[in-house]
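Written below as structure tokens is the structure these notes are about.
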């Protein structure tokens with residue numbers, strides 16, 4: 001009997017030990033679930049591709065005539081931009097009308113450009129545009145992605161009658177002559193076509209000033225230093241080279257004849273060659289020498 005009880009006690013002890021061990025190996029209860037997060041809105045999908053900006057520009061009047069007479073004195077640049085992305089910056093650049101096309105007037109800004117830009121024809125240095133010249137203009141807009149749209153055109157300037165201290169003067173650097181000659185021979189057809197357009201406009205304007213006589217002055221650009229022997233030779237010429245003085249005189253006479261043939265009263269016209277004696281641009285300023293090669297029309301009562 002005692003042996004049976006011992007076995008029974010041992011069995012109970014083993015079962016107790018096993019139950020304790022089992023209890024110790026039971027995994028802890030899972031932690032409470034966190035509170036549910038509020039649903040976040042889905043990000044708007046980006047377009048697969050974004051087109052570059054579109055740019056339309058309208059420039060008027062044409063020709064532009066900033067001579068202070070109250071007609072067409074201001075240039076209007078109308079700008080229309082369409083862009084899927086925000087516009088970051090814009091610029092307007094007007095350059096000199098001849099190579100190397102240096103900047104003449106510029107404007108720029110951030111964001112979308114104004115719908116209209118108004119300009120009085122005066123450059124950043126304070127100079128007025130030259131008569132009968134075409135000034136290149138470049139309008140650009142760039143969006144925040146770096147895409148750029150560009151417009152390239154030109155501003156056509158009218159023949160300007162300028163009142164300088166009571167003297168009416170027309171300064172035209174756009175009449176082209178054949179190299180080292182006083183006439184229009186051997187010019188390309190498009191160059192002569194432009195000469196004809198400019199001279200017809202000059203004739204039209206001069207005929208409005210019926211009570212004035214017109215002195216036509218031919219001006220040339222010297223390419224040698226002032227005061228040098230080479231300059232004197234360049235001015236007066238030699239046996240082999242036509243000097244600036246006789247060259248400019250021949251060119252002034254050619255213009256006189258052309259205007260007379262266009263209907264300007266010959267009795268009102270006179271001509272004189274000035275050579276390189278009265279330059280507008282100094283010898284050192286080579287990029288602007290083109291302004292010295294000009295024909296001037298002085299209106300006198």
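The values are calculated or read from the model by the stated rules, or taken from the named source; none is laboratory data. Because the structure is predicted, anything quoted here is derived from the model rather than measured. Note that we place each Cβ from the backbone using ideal geometry, even for glycine, and neighbour counts take in every protein chain shown.
What number of residues within segment 74-132 satisfy the criterion of being at positive phi and surrounded by 20 or more Cβ atoms within 10 Å (Cβ to Cβ)? Here the count works out to 2. For segment 274-288, filtering for residues that are surrounded by 12 or more Cβ atoms within 10 Å (Cβ to Cβ) and under 19 Å from residue 232 (Cβ atoms) leaves 6. Confirm whether residue 207 is surrounded by 14 or more Cβ atoms within 10 Å (Cβ to Cβ), under 26 Å from the mean Cα position of the chain (by Cα) and outside the structural domain of residue 96 (by TED's automatic domain parsing). When the stated conditions are applied, residue 207 does not pass them. Being in contact (Cβ under 8 Å) with a residue 12 or more places away in the chain, under 17 Å from the mean Cα position of the chain (by Cα) and assigned by TED's automatic domain parsing to the domain that holds residue 149 is true of residue 62. For residue 230, the test of being assigned by TED's automatic domain parsing to the domain that holds residue 210, in contact with a helix residue (DSSP H, G or I) (Cβ under 7 Å, 6 or more places away or on another chain) and free of Cβ contacts under 8 Å to residues at least 12 places away in the same chain is failed.
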